[in-house]
Amino acid sequence: MMDVKVFDQELDALEIQTVQKETIHPRKSYKMNSSCADILLFAQYKWHVSRPSLLADSKDVMDNTTTQKYWLDIQLRWGDYDSHDVERYARAKFLDYTTDNMSIYPSPTGVLI
């Protein structure tokens, strides 16, 4: 199981009210067509969030959208990612999973790692 102590240690700095470890299906990493959140963060106030973007994008679009829930989906994948663009793969999977009806995310805002 994933440990969320790092978030617990930074509650005030990150303005987190609660850190919740989600129950995960034991074969989650074998499923390629759907996913679910591993960790759910609840904000003390509201966090400003951008539209989905790549990690290195310097022009995030901030349109005054806020949220009090933010999820993290940790993906375990096998393969030679030195010869692939893992950042674009993760973005494509994020867009696939957040628009399908099989994936389970507790809010529209989150990150796929």
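Derivation of every value follows stated rules applied to the coordinates shown; laboratory data play no part. Note that this is a predicted model, so its numbers are computed, not measured. As a convention, Cβ positions derive from the backbone with ideal geometry for all residues, glycine included, and neighbour counts pool all protein chains shown.
Values as computed for the structure displayed
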item: Estimated [θ] at 222 nm from DSSP helical runs (n ≥ 4, -39500 (n - 2.57)) normalised by residues in the chain, nearest 500; result: -5000 deg cm²/dmol
item: Long-range HN-HN contacts of Ser35 with modeled amide H, under 5 Å; result: Ser103, Ile104
item: HN-Hα J in Hz across the range 61-74 - Karplus 6.51, -1.76, 1.60, θ = phi - 60°, x for Gly and Pro; result: 8, 9, 10, 6, 7, 10, 8, 10, 10, 9, 10, 10, 10, 8
item: Lysine pair number, Cα distance threshold 29 Å (strictly under), the chain, separation 8 or more or different chains; result: 20
item: Segments 100-111, 47-58 sorted - mean Cβ within 10 Å per residue, highest first; result: 100-111, 47-58
item: Base-10 log of normalised Debye intensity for the chain (one unit scatterer per alpha-carbon) at q = 0.13, 0.14, 0.20, 0.22 Å⁻¹; result: -0.55, -0.64, -1.25, -1.40
item: Cut-off 12 Å between beta-carbons: net charge of the residues surrounding Thr65, Lys and Arg +1, Asp and Glu -1; result: 0
item: Antiparallel DSSP beta bridges within the range 5-112, as percent of all bridges there, nearest 5; result: 75 percent
